[in-house]
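Contents: one structure, followed by commentary.
The values are calculated or read from the model by the stated rules, or taken from the named source; none is laboratory data. Predicted, not measured: the structure shown is a model, and the values here were computed from it. Counting neighbours? That spans all protein chains shown, and the Cβs are built from the backbone with ideal geometry, glycine included.
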There are 2 protein chains.
Amino acid sequence: MVTAADFNALLQRLAGQIPAHCILTREEDTRPYECDGLSLYRSLPPVVILPESEEQVIAVVRACKALNIPIVARGAGTGLSGGAMPHPRGVLLGLAKLNRIVSIDPESATAVVEPGVRNLAISEAAAAHGLYYAPDPSSQIACSIGGNIAENSGGVHCLKYGLTVHNVLRVRVVTIDGDIVEFGSEAPDSPGLDLLAAYIGSEGMLGIVTQATVKLIPSPACARVIMASFPSVEAAGDAVANVIAEGIVPAGLEMMDKRATHMVEPFVNAGYDLEAEAILLCESDGTLEEVEDEIRRMNDVFAKAGATRLQVSNSEEERLRFWAGRKNAFPAAGRVSPDYYCMDGTIPRRHLARVLNAIVDMEEEYGLRCANVFHAGDGNLHPLILFDANAPGEIERAEQFGAAILELCVEVGGTVTGEHGVGIEKINQMCVQFSRQELDFFLAFKRGFDPYGLLNPEKVIPTLARCAEYGRMHVHAGELRFPDIPRF
Amino acid sequence: MVTAADFNALLQRLAGQIPAHCILTREEDTRPYECDGLSLYRSLPPVVILPESEEQVIAVVRACKALNIPIVARGAGTGLSGGAMPHPRGVLLGLAKLNRIVSIDPESATAVVEPGVRNLAISEAAAAHGLYYAPDPSSQIACSIGGNIAENSGGVHCLKYGLTVHNVLRVRVVTIDGDIVEFGSEAPDSPGLDLLAAYIGSEGMLGIVTQATVKLIPSPACARVIMASFPSVEAAGDAVANVIAEGIVPAGLEMMDKRATHMVEPFVNAGYDLEAEAILLCESDGTLEEVEDEIRRMNDVFAKAGATRLQVSNSEEERLRFWAGRKNAFPAAGRVSPDYYCMDGTIPRRHLARVLNAIVDMEEEYGLRCANVFHAGDGNLHPLILFDANAPGEIERAEQFGAAILELCVEVGGTVTGEHGVGIEKINQMCVQFSRQELDFFLAFKRGFDPYGLLNPEKVIPTLARCAEYGRMHVHAGELRFPDIPRF
């Protein structure tokens, strides 16, 4: 148990090593860090430390280890699964000040960056060389590469260009012992065990990333997007399957249902077809010839699949307008509902219609509305459950609705997360997703990197005790009470 | 220490569970298993077991665990780093009989296969649906998917389509405790820690794969290959860099130096330019229009980079002939030299000329010839060191030459393996590649999955003791003596 005396000892120990302005302890300063993008769960951190160098990160980690104080790393705080929610008895380690772009090598098409660098800032810096960093979470203007690495973030272009795990070549990590290790390489394969992939998406449980080498790719000469209308989600789902079956890998392939387009259109004026039960946005990028050829083939597939309207962007401005609706679906939800809860599950594409229909039934069951935006190409659903936190019982119903969606994803052979991570949000569903033996392996792996259980404890991997008590977790007025579960 | 009595106890225990014809103990039966494709190292296994079902795999693993007997898994035995070399006091577990293609799902473009299925057999079975399995090791006619998973195998098409790790979606594994676990999913991301990637390439150290779900992709409508001649390896290297910088991802991009083309041409009659100091083979695949466009662009790049001859395949027959030379480089080496040693390191592409020139210098130093074939697009070198095992000192010089090449790869920022794995061959170079802390993490991870140290022990991850004694490993007449190093 960490006590106030331990925190005093921590601050004393760090006094000579961390500048005073990098240590926040007053409630008015620490309050902004009480949650990440999943504001449903909050916990005020006793202390926030914002190191300005790798040496300072090492100092913090060593001091916390010596005093047995948990550490929760945080990037820009845009995460959607509570991965950066503070530990009530731990240090919140904000990495936003480690924001240098260390180098860009146009010849090998790589960039070396610190974790606090914003996702979009990498592409901005690489633009001079005709290069960019492909993964593009909707929050890319704000989110940091360190957070992207922690959550293995995706984005609308990940169907063609992969998730974060496919675009990071190497990480430099401070271990819980305060050592520096590096995993991954610029080579296609890494010798020994491929621990880089395990780091990416490990949500702060294995170490603190202080530098990453990312892959850059040439900016395409041309990009155009088709907006296709369909009379049913089934027809749109079939059209998605048919495009993939044609051997086309679109740069992006997104679906929005009627509730989502109606929510977004008055806000963005993207020009969406409000008669359609579902629309697809399907992008092609490459050379002029490639794009022309691919757009023609995709249009053919959609026409055959029963599209009722097909429109191809005729300018970069129009292309961005088509995407603006999709990219602003979350803020649009905030406009039509006091609160919304963005879920993130994946399913085999063939079960799309079944799952969307089941969600319609669940709307009745839980008495809440749900709009669906969907990375259709890779089967990643983002149902947006609309609710009012001030209406009695709605938070609980929203949570139950979300849990039911995730468990349905598992039932049809999918998973409880696509690109937002597990964090605190989906930890119970991990009990549904994995067997006891599989969870044991996760815990064994975690222990190998963090034998003291200090790195983002009580997140992501449920203990058996937690799985046993699933259904009885206490959430009250958005403040999560930590049960006294054993540390792993 | 495992004794003869332990093996008797093992055979007794398995008597009712494994058919007698699946257990080999006579030297005439076990001799064929004494090595894999790296015949430089041999060790006769005391017993070979060839299970016919997952239940039998479980029975073997449980019995071995109970008796503390090491297990070395083996696929088709085509591995090139000694990963499947038997343990002198262990069971050699051959998985060739687990060779069912369980299912092919054309809609989701996946196949579920057992580990003994041959790589090419997957594509043959998927061809009816217009699909194929992309990774294509040169041994694909013989090698098994289980072995591909163990070594994270590549092939000439991996530049565009990725290594095994990018094409396997899920594995089903028997753990050392005899439990079944599954990692990975059909979804793009996996919740929790991404242990699938760590399994792939783990060389039999973490568990026994009994089933895998692999990704299939549509067979391209068209493929053509350019054969380009260059007056120097530098010029060819620059041409490779320029193609990549153009934003083109060729389906394959291979380089062979003059020594390699001269070795191969009399054997294969591929039509290679024997005047050129280096040739590139550069393939485009896709629709007719895409291929036409890409071939035109690649030809332009090569012409500007100083190609002295450019020839594009005009028929499928010609395309296969161009590739036949490259794919038969290893057998061709066997034709011109009593023995050859195929190395496998990767380097950042920009250091290609530097490394190839250094290899020329090393030929003098070690008094041996070396031909170079090269997955140029992804920086994966395969120097073929030619030697005569019967000439005094040549084995040792070949090993030292190989080690020097690998250590140079590390020095320029590359790695000691590209696609052949570490096995027993490169275990010393792992000491050069990784720091003590990094090796400690590998060991901790390994322990999490195999606390008893029974799964392919003494391979891949060097102990600190081994790194300390590196340089004093005993190899005598191709028989490796295991020093009494501590088990991890």
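Couple of notes before you dig in:
- One residue stands out among those in segment B:93-144 that are more than 14 Å from chain A (Cβ to nearest Cβ) and among the acidic types (Asp, Glu): the one that is farthest from B:Glu54 (Cα to Cα), which is B:Asp136.
- Members of segment B:282-311 found to be part of a strand (DSSP E or B) and either in contact with a Phe, Trp or Tyr (Cβ under 8 Å, 6 or more places away or on another chain) or under 16 Å from B:Val243 (Cα atoms) (or both), listed by number: B:Cys282, B:Glu283, B:Ser284, B:Asp285, B:Leu310
- Count of residues meeting criterion [facing chain B (nearest Cβ under 10 Å) and either surrounded by 20 or more Cβ atoms within 10 Å (Cβ to Cβ) or under 22 Å from B:Asn380 (Cα atoms) (or both)] in segment A:171-186: 8
A quick yes/no check of all residues on (1) crowded, with 18+ Cβ neighbours inside 10 Å; (2) among the polar types (S, T, N, Q); (3) in contact with a Lys or Arg (Cβ under 6 Å, 6 or more places away or on another chain); (4) without any contact (Cβ under 8 Å) to a residue 60 or more places away in the chain:
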| residue | (1), (2), (3), (4) |
| --- | --- |
| B:Gly334 | no, no, no, yes |
| B:Ile359 | yes, no, no, yes |
| B:Ala376 | yes, no, no, no |
| B:Ala389 | no, no, no, no |
| B:Ile395 | yes, no, no, no |
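- Selection within segment A:382-419 - farther than 19 Å from A:Pro331 by Cβ and among the aliphatic types (A, V, I, L, M): A:Ala391, A:Ile395, A:Ala403, A:Ala404, A:Ile405, A:Leu406, A:Leu408, A:Val410, A:Val412, A:Val416
Results for (1) among the charged types (D, E, K, R); (2) in the same structural domain as A:Gly83 (by TED's automatic domain parsing); (3) in contact with a Leu (Cβ under 8 Å, 6 or more places away or on another chain), shown as yes or no for each residue.
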site: A:Phe401; (1), (2), (3): no, no, yes
site: A:Ile405; (1), (2), (3): no, no, yes
site: A:Leu408; (1), (2), (3): no, no, no
site: A:Phe434; (1), (2), (3): no, no, no
site: A:Arg447; (1), (2), (3): yes, no, no
site: A:Pro451; (1), (2), (3): no, no, no
site: A:Pro457; (1), (2), (3): no, no, no
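- Search result, residues across segment A:361-370 that are surrounded by fewer than 22 Cβ atoms within 10 Å (Cβ to Cβ) and touching a residue at least 60 places away in the same chain (Cβ under 8 Å): A:Arg369
- Test result for B:Ala353, over 30 Å from B:Thr78 (Cβ atoms) and among the hydrophobic types (A, V, I, L, M, F, W, C): yes
- Boolean, A:Phe330 is surrounded by 24 or more Cβ atoms within 10 Å (Cβ to Cβ) and out of contact with any helix residue (DSSP H, G or I) (no Cβ under 6 Å at 6 or more places or on another chain): no
- Qualifying residue in segment B:65-82 (condition: farther than 16 Å from B:Ala150 by Cβ and within 14 Å of chain A (Cβ to nearest Cβ)): no
- Test: A:Ile385 is touching a helix residue (DSSP H, G or I) at 6+ places or on another chain (Cβ under 8 Å), under 22 Å from A:Ala241 (Cβ atoms) and crowded, with 19+ Cβ neighbours inside 10 Å: no
- Residue check, B:Ala125 buried (at least 24 other Cβ atoms within 10 Å of the Cβ), out of contact with any His (no Cβ under 7 Å at 6 or more places or on another chain) and within 30 Å of B:Ser219 (Cα to Cα): no
- In summary, helices (runs of 4 or more DSSP H) completely within segment A:122-204 and bearing 3 or more residues that are touching a Ser or Thr at 6+ places or on another chain (Cβ under 7 Å) occur at A:145-151.
- Members of segment A:187-241 that are without any contact (Cβ under 8 Å) to a residue 40 or more places away in the chain and within 7 Å of chain B (Cβ to nearest Cβ): A:Ala187, A:Pro188, A:Asp189, A:Ser190, A:Pro191, A:Gly192, A:Leu193, A:Asp194, A:Leu195, A:Ala197
- When we screen B:Val422, B:Val416, B:Val460 for residues that are of a type in the set (Val, Ile, Thr), under 30 Å from B:Val243 (Cα atoms) and surrounded by 19 or more Cβ atoms within 10 Å (Cβ to Cβ), the only hit is B:Val416.
- For segment B:441-465, the set of residues classified as small (Gly, Ala, Ser) and within 8 Å of chain A (Cβ to nearest Cβ) consists of B:Ala444, B:Gly448, listed by residue number.
- Residue in segment B:288-311 that is farthest from A:Glu289 (Cα to Cα), counting only those that are touching a strand residue (DSSP E or B) at 6+ places or on another chain (Cβ under 8 Å) and surrounded by fewer than 19 Cβ atoms within 10 Å (Cβ to Cβ): B:Thr308
- Entirely in segment B:60-114, the strands (runs of 3 or more DSSP E) that have 1 or more residues that are crowded, with 24+ Cβ neighbours inside 10 Å and touching a residue at least 40 places away in the same chain (Cβ under 8 Å): B:71-74, B:91-94, B:110-113
- Residue-level check: of (1) surrounded by fewer than 21 Cβ atoms within 10 Å (Cβ to Cβ); (2) part of a helix (DSSP H, G or I), A:Met263 misses just (1).
- Restricting attention to segment B:291-305, the residues being touching a residue at least 60 places away in the same chain (Cβ under 8 Å) and not aromatic (Phe, Trp, Tyr) number 7.
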